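The values are calculated or read from the model by the stated rules, or taken from the named source; none is laboratory data. Since this is a predicted model, take the numbers as computed values, not measurements. Virtual Cβ from ideal backbone geometry, glycine too; neighbours counted across all protein chains shown.
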Amino acid sequence: MHSMVDEPEVYDDDDLRLGDWSEAIPEKMKRWTVNKLHFAQVQNKGGSYDYWATNELNRRQAKELADLITILTRTSQLTTEAVIGLTGAVNTLTEFTDVHIKVSHEVLSGTTQIAKSSHKLEWLTGWLIGLTVVLGLLTVVLVGDVVLKYWPERHLQLTAPQAPPLPAR
């Protein structure tokens with residue numbers, strides 16, 4: 001099988017003057033143009049030159065097909081390698097997506113718990129404010145009660161005339 005690294009063939013002989021056909025040999029036909037090979041086929045229909053020209057055209061076609069098959073094979077290999085690489089990338093991306101989804105669910109769960117705790121804390125704060133108000137009112141009532149019970153007595157003691165001090169002896 002020919003590879004694409006072979007030197008390109010040169011088909012530069014397009015001189016249609018065949019003369020005595022002594023130059024029409026398979027080795028020289030390799031440089032003939034397609035036009036000259038077809039001309040030889042027509043001029044020597046069914047003869048050995050027609051046969052050699054046909055073989056040269058078939059050889060060129062086989063070489064072209066071999067080169068195309070080589071290109072297609074290499075392209076297929078590269079495509080397979082790319083698909084394998086992409087499959088790995090997709091698998092990695094799928095794993096990252098799965099982790100992202102799991103973390104997102106955990107964050108959502110944590111956020112829900114924080115929201116519930118926040119509502120409970122607000123409720124408890126409301127209760128604490130209410131209890132503080134009640135405690136303040138009870139303090140005012142108790143202080144008022146104490147003042148009402150002991151103020152008049154103490155006030156009378158302070159405002160009552162006092163006896164002069166006894167002389168010292």
On the basis of being surrounded by fewer than 15 Cβ atoms within 10 Å (Cβ to Cβ), without any contact (Cβ under 8 Å) to a residue 24 or more places away in the chain and touching a Phe, Trp or Tyr at 6+ places or on another chain (Cβ under 8 Å), does Asp20 make the cut? no
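Yes or no, residue by residue, for (1) among the basic types (Lys, Arg); (2) exposed (fewer than 12 other Cβ atoms within 10 Å of the Cβ); (3) under 30 Å from Arg17 (Cα atoms); (4) touching a helix residue (DSSP H, G or I) at 6+ places or on another chain (Cβ under 6 Å):
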{"position": "His38", "(1), (2), (3), (4)": "no, no, yes, no"}
{"position": "Val42", "(1), (2), (3), (4)": "no, yes, yes, no"}
{"position": "Tyr49", "(1), (2), (3), (4)": "no, no, yes, yes"}
{"position": "Trp52", "(1), (2), (3), (4)": "no, no, yes, yes"}
{"position": "Arg59", "(1), (2), (3), (4)": "yes, no, yes, no"}
{"position": "Ala66", "(1), (2), (3), (4)": "no, no, no, no"}
{"position": "Glu81", "(1), (2), (3), (4)": "no, yes, no, no"}
{"position": "Gly85", "(1), (2), (3), (4)": "no, yes, no, no"}
{"position": "Gly88", "(1), (2), (3), (4)": "no, yes, no, no"}
Taking the stated definitions as given, is Gln61 under 24 Å from Glu9 (Cα atoms) and in contact (Cβ under 8 Å) with a residue 12 or more places away in the chain? no
So Lys116, is it among the charged types (D, E, K, R), surrounded by 10 or more Cβ atoms within 10 Å (Cβ to Cβ) and under 21 Å from the mean Cα position of the chain (by Cα): no
Out of contact with any Leu (no Cβ under 9 Å at 6 or more places or on another chain), modelled with pLDDT of 90 or more and not in a helix (DSSP H, G or I): is that true of Lys45 in this structure? yes
